[in-house]
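Chemist: Supplied in structure tokens, the structure appears directly below.
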Amino acid sequence: MSERASFADYRERLAALGFHPSRRLGQNFLLEPDLHRVIADAAAVCADDVVLEIGAGLGFLTRELVPRARRVVAVEIDARLCSVLREDLAALPGGERVEVLHMDVLAGAGELAPAVVDAMREARGPVKVVANLPYAVTGPVLAALCRAPTLPARAAVLVQLEVAERLCARPKTAEYGSLTALVQACFAVRLVRRVGREVFRPRPNVDSAIVEFAADAARPAASWGIAERRSFAVFVRALFAARRKKLRHGLRLAAAAVGAADLTLAPPVPGPGDLMDCRPGDLDLPTLTALWRAVRPQP
């Protein structure tokens, strides 16, 4: 990775542009180069890959990706950060292989922006994702990746520690929820490393963690098309919205959300004891998947 200027130099350049980090946008810059390498390693970025970088910021992680990847699509919502990023890339060896998209990566709740979807389609090969995600958009972005036309081959994201624990949670824990079920249906998930708040500027009020997502043929969604993944996402979100209710009450809402006309569970769905007396958080992924298959309208 090529050397970059000090963060003090970047602060001066940004101040000249009238930039002040936005708490709403989660603009906390990760300064530690070793952690940029850990993220790129967790995504297993190699020479044939197209990498989608969400929230490129000042390009600190981008510099780590450029010598590793065939192409980088860097998405950044802030025009001033895009300006600095493009200026730096112009002087960076291999910088011409980075496409900077000035936009919100999301087109709506749980949907990637069309230009991002197009960039993934145009890759014509494995797409890997890296991101330093603000807390406010972590769930929507990860849900959108699970609902994309093609699942990423691999991803490594830096998220708030609390969210990382949710993503890796197991049934019958407080952290286990709809996002857990959706992500684990699509990927093998692993918490790679905890990251203290002191390595960011400005310093956030919480710790973070790097989480790895790997495509896995054993995952339920590995063989699903986009319509099935989207249906399952809607189902688990509706089911966990009534997480305190027993299934005999909450399942009707989840079934209606995916367009089911009734709750005829045929064939019977296996589960622990009397399934209808369970709550959503008690159910493992195979049981959730079986419930969804039982109630959703067949194509």
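The values are calculated or read from the model by the stated rules, or taken from the named source; none is laboratory data. Not measured: the values here are computed from a predicted model. Every residue, glycine among them, receives a Cβ derived from its backbone with ideal geometry; neighbour counts consider all protein chains shown. These area figures cover heavy atoms from the full protein model, side chains too; ligands, DNA and RNA do not enter into them. Shrake-Rupley method; radii C 1.70, N 1.55, O 1.52, S 1.80 Å.
Chemist: Give me a comma-separated list of calculated 3J(HN,Hα) values for the stretch 126-133, in order, Karplus coefficients 6.51, -1.76, 1.60 applied at θ = phi - 60°, integers in Hz, x for any Gly or Pro.
Modeler: x, 10, 10, 10, 10, 6, 10, 9
Chemist: How large, in Å, is the stretch 1-90 by the Kirkwood hydrodynamic radius built from its alpha-carbon pairs?
Modeler: 13.7 Å
Chemist: In debye, nearest 20, what is the charge dipole magnitude of the stretch 118-210 about its Cα centre with +1 on Lys and Arg Cβ and -1 on Asp and Glu Cβ, if you could check?
Modeler: That gives a dipole near 200 debye.
Chemist: Can you compute the FRET efficiency between Asp284 and Val117 using 1/(1 + (r/R0)^6), with r the Cβ-Cβ distance and R0 = 35 Å? Round to the nearest 0.05.
Modeler: The pair Asp284/Val117 has a calculated efficiency of 0.65.
Chemist: Once R0 is set to 51 Å, what does the formula 1/(1 + (r/R0)^6) return for the Cβ-Cβ distance between Arg13 and Gln298, expressed as a FRET efficiency to the nearest 0.05?
Modeler: After rounding to 0.05, the efficiency reads 0.35.
Chemist: Working from the alpha-carbon coordinates of the stretch 103-206, get Rg over Rh, Rh being the Kirkwood radius.
Modeler: 0.97
Chemist: What trypsin sites (Lys or Arg not before Pro) in the stretch 1-106 are in a loop by DSSP, with at most 11 other Cβ atoms within 10 Å of the Cβ?
Modeler: Counting only loop positions with at most 11 other Cβ atoms within 10 Å, the trypsin sites (Lys or Arg not before Pro) in the stretch 1-106 are Arg24.
Chemist: From the list (1) 80, 48, 37; (2) 63, 40, 29; (3) 51, 45, 40, can you say which value of Cα extents along the principal axes in Å was derived from the structure given?
Modeler: (2)
Chemist: Would you kindly derive the ³J(HN,Hα) couplings of the stretch 184-196 from the backbone phi angles with the Karplus curve 6.51 cos²θ - 1.76 cosθ + 1.60 (θ = phi - 60°), listing them in order in whole Hz, with x for Gly and Pro?
Modeler: Karplus values, whole Hz, x for Gly and Pro: 6, 5, 9, 9, 7, 10, 9, 7, 7, 6, 7, 10, x.
Chemist: Positive end of the charge dipole of the chain (Lys, Arg +1 and Asp, Glu -1 on Cβ, about the Cα centre): tell me which of Ala181, Val157, Ala115 has its Cα farthest that way.
Modeler: Projecting each Cα onto the dipole axis, the largest value belongs to Ala181.
Chemist: Which value results when the Cα radius of gyration for the stretch 23-147 is divided by 2.2 N^0.38 Å?
Modeler: 0.97
Chemist: So, one more: Taking only C-alpha pairs under 8 Å that are 6+ residues apart, what is the relative contact order of the chain in percent?
Modeler: The normalised contact order for the chain reaches 15 percent.
Chemist: Please determine, in degrees from 0 to 90 and to the nearest 10, the orientation of helix 7-16 with respect to the longest principal axis defined by the Cα atoms of the chain, where the helix direction is its Cα long axis.
Modeler: 90 degrees
Chemist: Quick one: pull the percent of accessible area on the chain belonging to carbon and sulfur, 1.4 Å probe, ligands and nucleic acids left out.
Modeler: The C+S portion of the solvent-accessible surface of the chain is 52 percent.
Chemist: Can you put Glu165, Glu212, Glu87 in order of accessible area, largest first, using a 1.4 Å probe?
Modeler: Per-residue accessible area, sorted high to low, gives Glu87, Glu165, Glu212.
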